[in-house]
Amino acid sequence: MMIKTKDLLKDAQKKGYAVPAFNIYNLVTIQAVMETAEELRSPVILAATPGSLKFIGSDYLLALAKFTADKFSIPMTIHLDHFTDVELLKSCIKMGFRSVMIDASALPFSQNVAVVREVVEYGRNFGVSVEAELGCLPGREEGTRIQGQEVLTNPQEVPDFLNQTGVDSLAVAIGTVHGPYKAEPKLDYERLKAIREMTDVPLVLHGVSGLPSESVSLAIKLGICKINVATELKMAFSDTVKEYFAQNPAGSDPRKYLQAAKDAMKKVVAAKIQMCGSARRA
Ligand code: 13P
């Protein structure tokens, strides 16, 4: 059942859990997420980056998402993740996508506001839920910022950013990184607390792969309503395919190695759902 992201996140905020957003890449990865979420009765967000949109095809992706929403009874959305190109986003919205992240976080504050506001205003006519980022996470593919204190979200800037943009959710930089952690992750919980004190807008945590469950639980207690997971899914999937071929060098049937990869991915999805406290919320 397709639900507005805004409503999914408000329910999570009210009840004190987080909705997991899993990056997907094709039919098999969509099935891995949806089947697991349905089994555990968890609301869920399927997330696609610009690279995935290009890889899958926007028409295929939208059709798959709509079909999936009808097939499964749990609340879900298809969300466009880390889009930086406003014109591309507008064309996706026109096509039928209703949940987007416009990521202008590498730009200075006023430019970030201007870009985000353009998407919010455009999306308003279509009932689109818009996420933006204030502060900037390191480790992204398209970003230029480097890790450092100065790119963490400044709580003092939060009210102005939200008032000026009108976004429905806010991704915060509190020490997480995209991709694998090279050192032990250290989250700035005091900063998160200070941000939450500034607003009721649902907060989003990116870069959750590799974070200990206790860190995520605490972040959820302090106000995170959506968590994003990509790297751990990709690793489970590709490690299993590698292992399959190591054990079956003559193997060639995609149904066999894709089934094994899907099963491995489902285990990660299940663990993240438990970590979010989103099981049995659907
Ligand atoms: P990870 O790849 O670190 O899980 O981050 C995912 C993410 O934040 C997608 O927006």
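Structure values in brief
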| quantity | calculated |
| --- | --- |
| Packing-based ranking, highest mean first, of 89-99, 239-249 given that Cβ atoms within 10 Å are counted | 89-99, 239-249 |
| Between 0 and 90°, nearest 10: helix 58-71 axis offset from the chain longest Cα axis | 80 |
| Debye log10 I(q)/I(0) at q = 0.14, 0.20, 0.31 Å⁻¹ for region 1-52, Cα point scatterers | -0.38, -0.74, -1.24 |
| 20 Å Cα-Cα threshold exceeded, pairs from 234/272; 186/266; 186/221 | 186/266 |
| For region 216-282, the fraction of alpha-carbon pairs in successive 5 Å shells from zero, as % | 4, 16, 21, 17, 13, 11, 8, 6, 3, 1, 0 |
| Equivalent ellipsoid semi-axes, the chain, via Cα gyration tensor eigenvalues times 5, rooted, Å | 29, 21, 19 |
| Global size of region 1-106 as Cα Rg and Dmax, reported in angstrom | 13.3, 38 |
| Structure-based [θ]222 nm, the chain - -39500 (n - 2.57) summed over DSSP H runs of at least 4, per residue, nearest 500 | -15500 deg cm²/dmol |
| From phi via Karplus (6.51, -1.76, 1.60), per-residue ³J(HN,Hα) for region 250-256 in Hz, x at Gly/Pro | 9, x, 8, 8, x, 4, 6 |
| Inter-label distance, nm, simple model (7 Å from Cα along the C-beta direction), residue 39/residue 259 | 1.5 |
| Amide H partners (placed H, <5 Å) of residue 134, local residues excluded | 171, 173 |
| Estimated vicinal HN-Hα couplings, Hz - region 48-57 in sequence order (Karplus 6.51, -1.76, 1.60; Gly, Pro = x) | 10, 7, x, x, 6, 4, 5, 5, 7, x |
| Neighbour-count order for 225, 276, fewest beta carbons within 10 angstrom listed first | 225, 276 |
| Calculated log₁₀ intensity ratio I(q)/I(0) where the Debye formula runs over C-alpha points of region 164-254, q = 0.15 Å⁻¹ | -0.64 |
| For region 185-199, Karplus couplings with θ = phi - 60° (6.51, -1.76, 1.60), whole Hz, Gly/Pro x | x, 10, 8, 8, 5, 4, 5, 4, 4, 5, 5, 4, 5, 7, 7 |
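A short reminder: the numbers here are calculations on the coordinates, not readings from a lab. Computed from a prediction, not measured in an experiment: that's the story for all the values here. Glycine also receives a Cβ, built like all others from the backbone with ideal geometry; neighbour counts cover every protein chain displayed.
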